[in-house]
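To start, the structure under review is shown below, and the notes come after it.
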Amino acid sequence: MKTILLNPGPVTLTDRVRESMLGPDLCHREPEFADLQAEIRRGLLAVYQLPPDAWAAVLLTGSGTAAVEAMLTSFVPRTGKVLVLENGVYGERIAAICERHTIRYERLRHDWLEELDLTRIRTTVRGDPAISHVAVVHHETTTGRLNDLAPLASLCREHGAELLLDGVSSFGAEEINFEQWPIAAVAATANKCLHGVPGTCFVIVRRDALAAAQSPKRTVYFDLQTYVEHQDKNGTPFTQSVQTFYALAAALCELAAEGGWHARRDIYRARIIQVRHLLIRLGVRPLLREGASSCVLHAFELPQGLSYGEFHDALKARGFVIYAGQSTLAAGIFRISMMGAISPQDVGRLCAAFEEIIATAD
Ligand SMILES: *Cc1c(COP(=O)(O)O)cnc(C)c1O
């Protein structure tokens, strides 16, 4: 029996993506690798139709956190300051990265079940002219909340602050308005909404914003300017994870063939709404209202009479891996992500498994 991953990355792969990794061995200093890298960089910009003279896709070897760390250390100049908005684990991780690298920052904590408080954000940005950047998680995977970026973007524009987005679990499936929002950079990864494998992550950078951020460098491995210089000349500063590049190239072809991010959003949404409605009918309560949730992942309170471990194991025995809550939410919730190669039949079997497990628990 094939196991379907309902955790928020890594995802269940298509055969084409899995088999692509059996491509020829490549030296990362040979033209074949340069072609592969260039194809992926073009493909990533094409997801949101970004012109390559204004934007660059920077490829790194690492998980999503590596991209977020590279973005923060490369973009916030020593004379600048970043306002970090937190309503979950990943927002808190941004602050932890700033702390470790002694990046000047201020954090605005929110309860994990709260949406971003624009009034507090406005007061903070107004009161501190040193704030040059606002860092925020687009889809906060902790709860499944899609943070509402449009009003935050206008607030930032009004005050001359630029956005640094953790788009790790939204890039490729949610709207990111690169034209109208004052975005300096978006960090993301191959193995979430793009359906590649873990190992490659990337930062989409606005070229003029990266150039303007230059100040004494904070890191060797994560300096995005170094990567842009090498990758624009078809090179790479360090060894890249060649096989995961093959997978990302194949996954980007599949996304384009499927109709791009809009189509992917519609597919995820249809799947998650089907599951959500079934769970509600079975008496399971969603953590957030439907309109506040992403298309990628929804969180639910555990069904009556089942611990997370029991629920998880019963589903795993039927071929589905769900995901626990983190930290204070660990004991009370479970999460379902709809990324990856999941067929309508798989969703049907999942719904049947929910009915069976939850009915017998009552
Ligand atoms: C998955 C994820 C990350 C990165 O996690 P890694 O384990 O480093 O890949 C960062 N931010 C968000 C919002 C995520 O969902």
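The values are calculated or read from the model by the stated rules, or taken from the named source; none is laboratory data. Source: prediction; values computed, not measured. Neighbour counts are summed over all protein chains in view; Cβ atoms, including those assigned to glycine, are modelled from backbone coordinates with ideal geometry. Accessible surface is based on the protein model in full, side chains and every heavy atom, while ligands, DNA and RNA are left aside. Shrake-Rupley method; radii C 1.70, N 1.55, O 1.52, S 1.80 Å.
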Return the long-range amide H neighbours of residue 333 (sequence gap of 5 or more, or a different chain), with a cut-off of under 5 Å between placed amide H atoms.
-> 302, 325
Using a 1.4 Å probe on heavy atoms of the protein chains only, the accessible area for residue 323 in Å², nearest 10, reads 80
Using a 1.4 Å probe, what is the accessible area per residue for the stretch 56-132, in Å²?
-> 41
Sorted from largest down, what three extents in whole angstroms do the Cα atoms of the chain have along their principal axes?
-> 61, 55, 32
Under the Karplus relation with 6.51, -1.76 and 1.60 and θ = phi - 60°, whole-Hz ³J(HN,Hα) for the stretch 36-50, x at Gly and Pro, equal 4, 4, 5, 4, 5, 4, 5, x, 5, 5, 5, 4, 10, 6, 9
Sorted by average packing, counted as other Cβ atoms within 10 angstrom per residue and highest first, what order do 137-145, 283-291 take?
-> 137-145, 283-291
Heads up, I need the accessible area for residue 294: 1.4 angstrom probe, whole protein in place, Å², nearest 10.
-> 0
Residue 105's amide H: which non-local residues (gap 5+, or another chain) put their own amide H closer than 5 Å, with H modeled 1.01 Å from N in plane and none for Pro or chain starts?
-> 82
Roughly how many Å² of residue 192 are accessible to a 1.4 Å probe, to the nearest 10?
-> 30
Quick calc, the stretch 209-362, dipole around Cα centre from Cβ unit charges on Lys, Arg (+) and Asp, Glu (-), nearest 20 debye, gives 240
Calc'd 3J(HN,Hα), the stretch 90-100, phi into Karplus 6.51 cos²θ - 1.76 cosθ + 1.60 (θ = phi - 60°), Hz, glycine/Pro = x, comes to 6, x, 5, 5, 4, 5, 4, 5, 4, 4, 4
Farthest towards the positive end of the dipole of the chain, among 297, 211, 170 and with Cβ unit charges of +1 on Lys and Arg and -1 on Asp and Glu, lies the Cα of 211
Expressed as a percent, the accessible surface of the chain that is carbon or sulfur, using a 1.4 Å probe and the full set of protein chains, is 52
Spacing of the two label points (7 Å from each Cα toward its C-beta) at residue 101 and residue 263, in nm = 3.6
q = 0.15, 0.16, 0.19, 0.20 Å⁻¹, the stretch 1-119: log10 I(q)/I(0) [Debye, one scatterer per Cα] = -1.02, -1.09, -1.20, -1.23
The chain: calculated mean residue ellipticity at 222 nm from DSSP helix runs of at least 4, using -39500 (n - 2.57) = -13000 deg cm²/dmol
Quick tally, 1.4 Å probe accessible area for 338, 21, sorted with the most first, runs 21, 338
Taking only the alpha-carbon atoms of the stretch 136-221, the convex hull volume per residue, in cubic angstrom, is 119
Taking the radius of gyration and the Kirkwood hydrodynamic radius from Cα positions alone, what is the Rg/Rh ratio for the stretch 114-179, to two decimal places?
-> 0.96
Magnitude of the Cβ-charge dipole (Lys and Arg +1, Asp and Glu -1) of the chain about the Cα centre, nearest 20 debye, reported as 360
Give the long-range amide H neighbours of residue 189: residues separated by 5 or more places, or on another chain, with amide H under 5 Å away, using H modelled in the peptide plane at 1.01 Å from N.
-> 202
For 25, 35, 232, what's the largest-to-smallest order of accessible area, 1.4 Å probe?
-> 25, 35, 232
Kindly write out, for the stretch 157-167 in residue order, the coupling ³J(HN,Hα) from the Karplus curve 6.51 cos²θ - 1.76 cosθ + 1.60 (θ = phi - 60°), rounded to whole Hz, with x marking Gly and Pro.
-> 4, 4, 9, x, 9, 9, 8, 10, 9, 8, x
Which number comes out as Rg/Rh for the stretch 77-119 once both Rg and the Kirkwood Rh are worked out on C-alpha atoms?
-> 1.01
Segment residue 289-residue 328, length gained on full extension (0.36 nm per residue, minus Cα span) = 12.1 nm
From the residues 260, 180, 272, which one has its Cα farthest along the dipole of the chain in the positive direction, the dipole being from +1 and -1 charges on Cβ of Lys/Arg and Asp/Glu about the Cα centre?
-> 180
Whole-number accessible area per residue in Å² for the stretch 254-334, which is evaluated in the context of all protein chains at 1.4 Å | 46
Most fluctuating residue given options 251, 190, 213, as computed from a GNM of the chain linking Cα atoms under 10 Å | 213
For the stretch 265-283 and the stretch 201-221, compute the distance between their C-alpha centroids and round to whole Å.
-> 39
